[in-house]
Amino acid sequence: MVSYILRRILATLPVMAIVALFVFSLLYIAPGDPAAVIAGDQASPADVERIRQSLGLDRPFLVQFGTWLWHILHFDLGTSIFTNLPVASLIAQRIEPTLSLMAITLVLTILIAVPLGVVAAWKAGSWVDRTIMGFAVFGFSIPVFVVGYVLAYVFALEFEWLPVQGYTPLAEGFWPWLKNLILPSVALGCVYIALIARITRASMLEVLQQDYIRTARAKGLDQRSILFVHALKNAAVPIVTVIGIGIALLIGGAVVTESVFAIPGLGRLTIDAILRRDYPVIQGIVLLFSFLYVLVNLMVDVTYTLVDPRIRY
Amino acid sequence: MDRRTLLKGMAGVGSLAATGGLSMPALSQGAAARTLRFVPQANLANFDPVWGTQYVVRNAAALVWDTLYGIDATLQPQRQMVESEEVSDDGLIWTFRLRPGLKFHDGEPVLSKDVVASLARWSARDSMGLMLKAIQNELTAVDDKTFKWALKQPYPKMLLALGKNSTPCAFIMPERMAQTDPFKQINEYIGSGPMKFAKGEWVPGAKAVFEKFADYVPRQEKASWLAGGKQVLVDRVEWVVIPDPATAAAALQNGEVDWWENPIPDLVPVLKKNRNISVDIADPLGNIGSFRMNHLHPPFNDVKARRAVLTALSQEDYMRALVGDDTSLWKPLPGFFTPDTPFYTEEGGEILKGKRDIGAAKKLLAESGYSGQPVTCLVAQDQPITKAQGDVTADLLKQMGMNVDFVATDWGTVGSRRAQKTPPGQGGWEVFHTWHAGADCVNPAVYNAIRANGDKAWFGWPTSPAVEKEVTAWFEAKNFDEEKAAVNRLNKAALEDVIYAPTGFFLSYTAWRKNISGIAKGPLPFFWGVSKTA
């Protein structure tokens, strides 16, 4: 197992290298110019050109890429063109809100979606199943920002239970922290809940047809044990896989959710950086997210061994 | 239900609700009353007012850095850091003396050497600064409190240059900071203004914090825009960046923020209904919409094609697309200068008045030799003002019989592509849209967009000797009457040569909670004189 994990970690290096090359090339050929954004609307073309030169953006592609890669190899993500702050600092400032949002959303999703999927499979074909799947289709179809506005409308403005926007660090207390994250997590979680509920149902339906489930029922085991101990564990591999894949969904959804709820996380940093063509920041964030995604996939693979003893590396 | 209706609905419920305490940050009542939470027009992504010339940077910089002179509400430069000035009889030598008590935020006194270095950096980036630099003999510190600017020829607009509020302003920094290359960014933020920048609390894209500078000595005069006594009445000003307008409206209604700089017109009716919120015009100098044509390439390299646009263009169409049906927010503008300011003129503006004539426009277009080639119109979709103008323009050009290549893109791309002088088929362009703050269109000195000096002109690169002659005449004018006459002629020439097509004059609102008082109307948010009760 240890050697497998080490091999997988080593295998991330070429993946990250390809991501790095791809991201850098894409940004290089993308239209837009940070110098023009920096200079502002009243700047002259000559000013824009001088700024471009001072930022080194007029250098050949290979020179720019080589310099950037050299810094990356020294664990230096570079400096933001706009803020003049290290990209690592900007990411460090923003990572807590995003990780908090993703963690709460993930917990919320698993707590809601898995039981819903199990119940839907158990009551397959009944009104309970159809209702749950109806909600799943609805949750899957409705855009995150619409859910966000509706939640804010009801729970922040009408009932005044929760704030409209912002983020409070965990260090300032659990409730202030959680209070700011409830609405965004529910908004972001809707799609995810729908996805996991549907996958759980499909996987459970397959397992519930197996002989050992019939045997379990025949020997008089209660329904809860059959569903959640025997069936769910055997249905878990595809569910875990989709939860892992869904991290990408969460990353994409966080971009919108953080904008709607004004959460200062990595999603908003990404949007701001793209709109301003702050290349080092975009490159740093994409590399980070790629690394996280590879790591999550590794964790998913390792988790397989916990839920299915037949899987060994 | 469309998105806009949903936004209104969401914001509307808040107006019925009483102010909520749940969402307030954990501040004591006293501390909350001493902290002003402000939603700025944009993200403060960098903080060097010479390197980056966005308005949001200028607005924040005005808290931290002071200027030698400051423009007041009558558009006149008044002494600010300066105690006195003298100009020699021949107008060639200006001698300035700094007022006592000036101190930087690091405790060091403001000295002449700091001013000299700051002006040297500023003059490399500013259009008036460049003019001064071109005629400069020397700029030197005479002693700690006196500095001298010796010129090769008189420059009557000196005080305006040092006090103007158009970007970049002549902010005074410590010498070590001001020695930074003007095309590179500073990395410390020490000024001598009424507030200190809390660099440690800065989260670009989310929050910027300014703290009252205890050692600041305000002038004795009443504050008026960037002039007079800048008395700060709160301990902290927190800029809270909220990119989504509906969220900002909801946060204002919920009491999570105190002042929103620029509510969008769609949400203003909702805010006006809330008994806890005041809404008023932010800046009486407003903005001027701009339809900018490329003078280097066909069809708009021919003045007949440009005049065709003016003949057909309906400013009402543009203004309604921009600000909706609130007619108090806009007015037609048959000229280039800001309405209700001393140099406003309609000289030569007949082409923009009266019934719009598509037939005459088509005729002019045919005379220009236009034969159906694509016209590349760059439209930034992420800027509501440019998007609305772009949509109207596309329709207008089609009505005139033009083949429109509508390039829907973002502002970052427009900013880059508009600098291309190559023909449209090779990465260039024919039309883009923008807007100019009215404060930047009050006289020729601060009005880059009206210049017509070819390669050195603003994007579109118009060439018009008649316009340039009148710009020079304004700079050399000895009194207001001469200045006014020069601007009248300039306006007429600029319309004849169609330097650009003005799409109208429009205003915008600002909104604040009623426990805030002292907010002044002006081209930027002024935080001095603003107080807050618990």
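The values are calculated or read from the model by the stated rules, or taken from the named source; none is laboratory data. A quick note: this is a predicted structure, and the numbers were derived from the prediction, not measured. When we count neighbours, we look across all protein chains shown, and the Cβ atoms used for this are built from the backbone with ideal geometry, even at glycine. Surface accessibility is based on the protein's heavy atoms, side chains included, excluding ligands, DNA and RNA. Shrake-Rupley method; radii C 1.70, N 1.55, O 1.52, S 1.80 Å.
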Checklist outcome for this item: Diffing the stretch A:202-213: the Karplus 3J(HN,Hα) column from phi (6.51, -1.76, 1.60, θ = phi - 60°), in whole Hz with x for Gly and Pro, holds 4, 5, 5, 4, 5, 5, 5, 8, 6, 4, 5, 6
Checklist entry - Got a number for carbon plus sulfur as a percent of the protein assembly as shown's accessible area, 1.4 Å probe? => result 60 percent
Next on the checklist: What does the buried accessible surface come to for A and B, summed over both chains, with the probe at 1.4 Å? Round to 100 Å².
Outcome noted: 4600 Å²
Next on the checklist: Are there any residues in the stretch B:446-491 with a reduction of at least 20 Å² in accessible surface when going from the isolated chain to the assembly of protein chains? Probe 1.4 Å, please list them by number.
Outcome noted: B:448, B:458, B:459
Checklist entry - Ignoring ligands, DNA and RNA, how do A:8, B:79 rank by accessible area with a 1.4 Å probe, largest first? => result B:79, A:8
Item to check | At 1.306 mPa s and 10 °C, Stokes D of the stretch B:384-513 from Kirkwood alpha-carbon radius, µm² per second | outcome: 95 µm²/s
Checklist entry - How large is log10 I(q)/I(0) at q = 0.10 Å⁻¹ when the Debye formula is applied to the Cα atoms of the protein assembly as shown, each weighted equally and without solvent? => result -1.17
Checklist outcome for this item: From the Cα centre of the stretch A:212-276 to that of the stretch B:140-158, the distance in Å is 69 Å
Checklist entry - Amide H to amide H, which residues 5 or more places from residue B:404 or on other chains are under 5 Å from it, using H placed in the peptide plane? => result B:375
Checklist entry - Expressed as an acute angle from 0 to 90° and rounded to the nearest 10, what is the orientation of the C-alpha long axis of helix A:87-122 relative to the principal long axis of chain A? => result 20 degrees
Checklist entry - Short version: ³J(HN,Hα) in whole Hz for each residue of the stretch B:432-439, in order, from phi by Karplus 6.51 cos²θ - 1.76 cosθ + 1.60 (θ = phi - 60°), x for Gly and Pro, what are they? => result 9, 10, 7, 8, 10, 4, x, 5
Checklist entry - Which of the residues in the stretch B:414-430 lose at least 20 Å² of accessible area when you go from the chain alone to all protein chains together (probe 1.4 Å)? => result B:415, B:416, B:418, B:419
Item to check | Contact order normalised by residue count of the stretch A:119-230, Cα under 8 Å, 6+ apart, percent | outcome: 31 percent
Item to check | Span from the the stretch B:262-314 Cα centroid across to the the stretch B:432-464 one, whole angstrom | outcome: 16 Å
Checklist entry - Based solely on its DSSP helices, what 222 nm [θ] is calculated for the protein assembly as shown when runs of n ≥ 4 H residues each add -39,500 (n - 2.57) and the sum is averaged over all residues, nearest 500 deg cm²/dmol? => result -14500 deg cm²/dmol
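Tell me, what is the per residue accessible area of the protein assembly as shown in Å², probe radius 1.4 Å?
Values: 33910 Å² over 847 residues.
It amounts to 40 Å² per residue over the protein assembly as shown.
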Checklist outcome for this item: Counting only residues 5 or more apart in sequence or on a different chain, those whose built amide H sits under 5 Å from that of residue B:503 are B:289, B:290, B:291
Item to check | Mean Cα-pair separation over length for the stretch B:164-318, i.e. relative contact order, pairs under 8 Å, 6 or more apart, % | outcome: 11 percent
Checklist entry - For the stretch A:23-29, in order, what is each residue's ³J(HN,Hα) by Karplus, 6.51 cos²θ - 1.76 cosθ + 1.60 with θ = phi - 60°, in whole Hz (x at glycine and Pro)? => result 5, 4, 5, 4, 5, 5, 8
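Below 8 Å, C-alpha to C-alpha, sequence gap of six or more: please give me the relative contact order for the stretch B:391-534 in percent.
Numbers: 116 pairs, mean separation 17.5, N = 144.
Here the relative contact order equals 12 percent.
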Next on the checklist: If DNA, RNA and ligands are ignored and the probe is 1.4 Å, what is the ranking of B:34, A:277 by accessible area, most exposed first?
Outcome noted: B:34, A:277
Checklist outcome for this item: Note on chain B: alpha-carbon gyration tensor, axes a ≥ b ≥ c; rule is a/c under 1.5 for rounded, else prolate if a/b larger than b/c, else oblate; result oblate
Next on the checklist: What does the charge count around residue B:327 come to, taking other residues whose C-beta lies under 12 Å from its C-beta (Lys +1, Arg +1, Asp -1, Glu -1)?
Outcome noted: -1
Next on the checklist: What is the distance in Å between the Cα centroid of the stretch B:201-254 and that of the stretch B:329-361?
Outcome noted: 37 Å
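Would you mind giving the mean number of other chain beta-carbons within 10 Å of the Cβ of each residue in B:179-189, as a whole number? Kindly include the intermediate steps, with their values, before the conclusion.
Working: counts 0, 0, 2, 4, 11, 5, 10, 1, 4, 0, 0.
If you average over the peptide's residues, the count of other-chain Cβ atoms is 3.
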Next on the checklist: Name the residue from B:358, B:374, B:385 whose Cα lies farthest towards the positive end of the charge dipole of the stretch B:352-497, charges +1 on Cβ of Lys and Arg and -1 on Cβ of Asp and Glu.
Outcome noted: B:358
Checklist entry - When all protein chains stay in place, what accessible area (Å², nearest 10, 1.4 Å probe) is found for residue B:328? => result 80 Å²
Checklist entry - Which stretch or stretches of the stretch A:256-299 have amide N atoms under 18 Å from the point lying 7 Å from residue A:22's Cα along the Cα→Cβ direction? => result A:282-298
